[in-house]
1. Be a star and scan region 1-33 for residues whose amide nitrogen sits under 17 Å from the point 7 Å along the Cα-to-Cβ vector of Gln43.
2. With θ set to phi - 60°, apply the Karplus curve 6.51 cos²θ - 1.76 cosθ + 1.60 along region 56-64 and write out the HN-Hα couplings as whole Hz, x wherever there is a Gly or Pro.
3. Rounded to whole Hz and in sequence order, give me ³J(HN,Hα) for region 32-46 from the Karplus expression 6.51 cos²θ - 1.76 cosθ + 1.60, θ = phi - 60°, writing x for Gly and Pro.
Amino acid sequence: MIRTKEELLSSIPALVGEERTEADETIAFLEDISDTLDNLSGQIAEDYKTKYEESEAKYSELDKTWRKKFVDRFMKGEPEPEPDEPDEPQSTDSLFKKEERQ
């Protein structure tokens, strides 16, 4: 089960016992857990930010490239290449030749 930082920290006294809640070891453990969870939260946020910025940069570059190609297509006035067409129409018989087996 996933728990919040506060839920985890509040469950510690039940584990160590109410009489040991203020012991030095328990306080140090609570501090370690709190610092670790804060650090992990910061790392996750930083990783997300970095990945977002990288994705945004890639998207912007790709968008610029496609926009330039699109504009160039109309501004340069070059005709689009026509598809290759065979000189003579082919019949289905010529497309599907049967080979004789020996």
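1. In region 1-33, the label zone of Gln43 (backbone N under 17 Å from the point 7 Å along Cα→Cβ) covers 5, 32-33.
2. Once θ is set to phi - 60°, the couplings for region 56-64 become 5, 5, 4, 4, 4, 5, 5, 4, 4 Hz.
3. With coefficients 6.51, -1.76 and 1.60, one gets 4, 5, 4, 5, 5, 5, 4, 5, 4, 4, x, 5, 5, 5, 5 Hz.
Each reported figure results from applying straightforward, stated rules to the coordinates on display, with no laboratory input. Predicted, not measured: the structure shown is a model, and the values here were computed from it. Using ideal geometry, Cβ is built from the backbone for each residue, glycine included, and neighbour counts are taken over all protein chains shown.
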